[in-house]
Each structure stands twice: as C-alpha cells, then as structure tokens.
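The values are calculated or read from the model by the stated rules, or taken from the named source; none is laboratory data. Keep in mind that this is a model prediction, so the values were computed, not measured. Virtual Cβ from ideal backbone geometry, glycine too; neighbours counted across all protein chains shown.
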Amino acid sequence: MKDAIRPIVFGGMLMLFLLASCQPYQFKGTFYEDPPEAADFELTSADGGRLRLSELEGKIVLLFFGFTSCPDVCPATLGIAKRIIEELGDKSGRLAFLFITVDPERDTPEKLNTYVQNFHESIIGLTGSEEELSSVREDYGICAAKVPLKSGIGYTVDHTARVYLIDNERRLRLTYAFGTPYEDILQDIKQILKEIDAEN
Amino acid sequence: MWKKSIVLSLVVILLLAGCTPRAKGPEITIQDAWARPSAGADMNGAIYFRIMNDGDETDTLLGAETPSAQAAEVHESMADDNGVMSMKPRENIEIPAGGEVEFKPGGLHIMLVDLKKPLAVGDEVTLTLRFEKAGEIVQTVKVREP
C-alpha cells in the first residue's frame, strides 16, 4: 500500500513544482499596466555636459529626484542605488541611475558631482535651468516645494521620493515608494534584464 | 538596655524601608546609535538610534549637540499619501515610561548641519543628547553604512 502511495505523492509534488514555476514573475514595484513612453528630457550633467534620456536607450534607467543638502531620504535612496549597482556586478553597465536635483539654487554641477560620486562613480547627477527642471518634474508627476525652515540649513525642499524605473525601450515600467528594500528593486531589474536577453 | 537598642534599630530599619518604594524616575539609555557616512565636505549628516526608557516616568528629549557639526537638530522626515517627503524640525520628543522611540531613516533623526569634516565609515562622532529629567547623555556614535 505504502509503495502505491509513493508515486502519487511524488507525482503531485512534481505537478505543484511545475505549476509554481509557470507562475509569471510578480514585480515588486508598482507597475504600469500599459507602460507609457517615458518623457524625454535634456539636462546638464554634473560634469558640465548635456545628457538626453534617449541617449540611454538600451539601458534600464532608475530616476530619482532629490537635493544634496538632504540628510536623510536622499542619501538613503542613493545608498540603495549603490547597493543595487554593486550587486549587479558585471551587469551594472546595463543600468543608469540618474539623480535630478530639485534644488538647483544650491546644487551646482560640481557639488552635485561630488555628492553622487561619493555613493558610486556611475551615478549621474543632473541639473538645469528652473524651467528645464520644472518641465521634467511635470512630465513625471514630481512635486517639489521649497520650504523655509527654522534650521541651520535655511530651507528644505519637500519632494516626491519615489524611484522610477524606465526600461531599455524608454518605457516607464515601475515605481518604488521610499523605503522599498533594495533587494526588491534589484530583483525587478534582474527580471527585466532576463526578459531583454530572452527577446534577443 | 541591649534589648531597647535592638528594638530601636528595628524601628529605624522599618521606617527606612517604608520610605522606598519611591518613584525611580526615567531611566534613559541610547541603543544602536549610528551615523551615516557623509557625501562631501560642506554636507549634512544624520544620526539614528533608539531611546529606551526603562523608568516609570516620561522623559523629554530637548535637544542635541555635537562638536562635529555647526549644529545638531532633531528633525523628522514624513511622507504624505502621494509619496512626497517633507522634513520638519521637532521639539520636545517624549519618551514614555517603559517605552522607546526609534530614530530611523525616513523618520526621526538628528540632522548634523554643516559637518566640520566628512564622516567616513569607522569614524566616531560625539553626540550629547539633552533630556528634561535625565539631563545630558553623551554618546559615541560610529559611522557606518546603513
């Protein structure tokens, strides 16, 4: 009797395993059902040159808006960027992390450069004129408001702290709330890289 | 005579014992303190920790000081429903009796305004926290990656 049950149990377990592996990957971030094209923009990179988002097509782009005087939320997010880049290892060249300032008044290209490079040399800091920056923010639904503070830093900038993921075909695929573990973002990136490799 | 002194001593001991149990007041300890490495010379920093109060009385964090920066301010980051983060100075953080308050990324933190020198992993920062009842507590804070 025991011998008769064994193959049934094994068969059942195998079926379950196969079914589980058929399940489509569940993205960790908030995903767009029908990914829209990510609005193109051109801004000044921290080294003084100009950079267009469309020049990065073929790479996965993570986009974050912040400011260098920020002591908490921005360094926490850039710390996550660093972890992701390091963990991607030899695949890290397929990812670009852009940090767009919401505080062009204080964030000169040089200051921005020193700041982002401190986390990882491949992170790109971007600034521009007030008009250029506000147009990018509008395209991505980013709020940014300068708020005077009774503090040594004078003022802070309240801002949207989500990370946006743009895929290799410049489609806005996913967003991540502040506080998302880096492992979640990393796993999504690896999945998209896998999809890209499967297509080619 | 001898008996009398024994009785007297016992009375005194009893009276003394009757004076306790009195309120022990707040018992503040700082745990798991760490500072984020900074990203440049004239940049700002942040310190995080947990404040435990094992006493039976609430205490209040009034402020902070450090020789490593122009100022050490108690701030709180907050997110609204749309994911917009804001940061506000906070005053008088209450640490309830038997409770704890956590300072963590994206929440309460000590903001180090205008660091005198960059903070690298392994560095130490001296932080003085000033409480209403416990007075000043001096803490050595290690700089480390989150």
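Summary of values
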read-out	value
Every pair of residues 6+ apart whose Cβ atoms lie under 6 Å, when the first sits in segment A:158-171 and is closer than 21 Å to A:Thr68 by Cα while the second is among the β-branched types (Val, Ile, Thr) and assigned to a strand (DSSP E or B)	A:Asp158/A:Val147; A:Asp158/B:Val84; A:Thr160/B:Val84; A:Arg162/A:Thr175; A:Tyr164/A:Thr175
Conditions (1) surrounded by 20 or more Cβ atoms within 10 Å (Cβ to Cβ); (2) outside any helix (DSSP H, G or I); (3) at pLDDT 95 or above; number of the one not met by A:Ala39	(1)
Condition check for A:Leu78: crowded, with 21+ Cβ neighbours inside 10 Å, under 14 Å from the mean Cα position of the chain (by Cα) and at the interface with chain B (Cβ under 10 Å from one of its Cβ atoms)	yes
All helices (runs of 4 or more DSSP H) inside segment A:59-145 with 1 or more residues being at pLDDT 95 or above and under 20 Å from B:Met111 (Cα atoms)	A:73-88
Exclusive hit being on the phi > 0 side of the Ramachandran plot and among the polar types (S, T, N, Q), set B:Asn92, B:Asn82	B:Asn92
Strands (runs of 3 or more DSSP E) lying entirely in segment B:16-125 (those with 3 or more residues that are within 12 Å of chain A (Cβ to nearest Cβ))	B:45-53, B:69-79, B:84-89, B:108-115
In segment A:20-55, residue nearest to A:Gln117 (Cα to Cα) [restricted to those that are in contact with a strand residue (DSSP E or B) (Cβ under 8 Å, 6 or more places away or on another chain) and without any contact (Cβ under 8 Å) to a residue 60 or more places away in the chain]	A:Arg50
Qualifying residue in segment A:84-95 (condition: surrounded by fewer than 16 Cβ atoms within 10 Å (Cβ to Cβ), more than 10 Å from chain B (Cβ to nearest Cβ), within 18 Å of the chain's Cα centre (by Cα) and on the phi > 0 side of the Ramachandran plot)	yes
Subset of segment A:147-200 that is among the β-branched types (Val, Ile, Thr) and either in a helix (DSSP H, G or I) or touching a helix residue (DSSP H, G or I) at 6+ places or on another chain (Cβ under 6 Å) (or both) - its residue that is surrounded by the most Cβ atoms within 10 Å (Cβ to Cβ)	A:Ile189
Residue list for segment A:138-162, filter: out of contact with any strand residue (DSSP E or B) (no Cβ under 6 Å at 6 or more places or on another chain) and more than 9 Å from chain B (Cβ to nearest Cβ)	A:Glu138, A:Asp139, A:Tyr140, A:Gly154
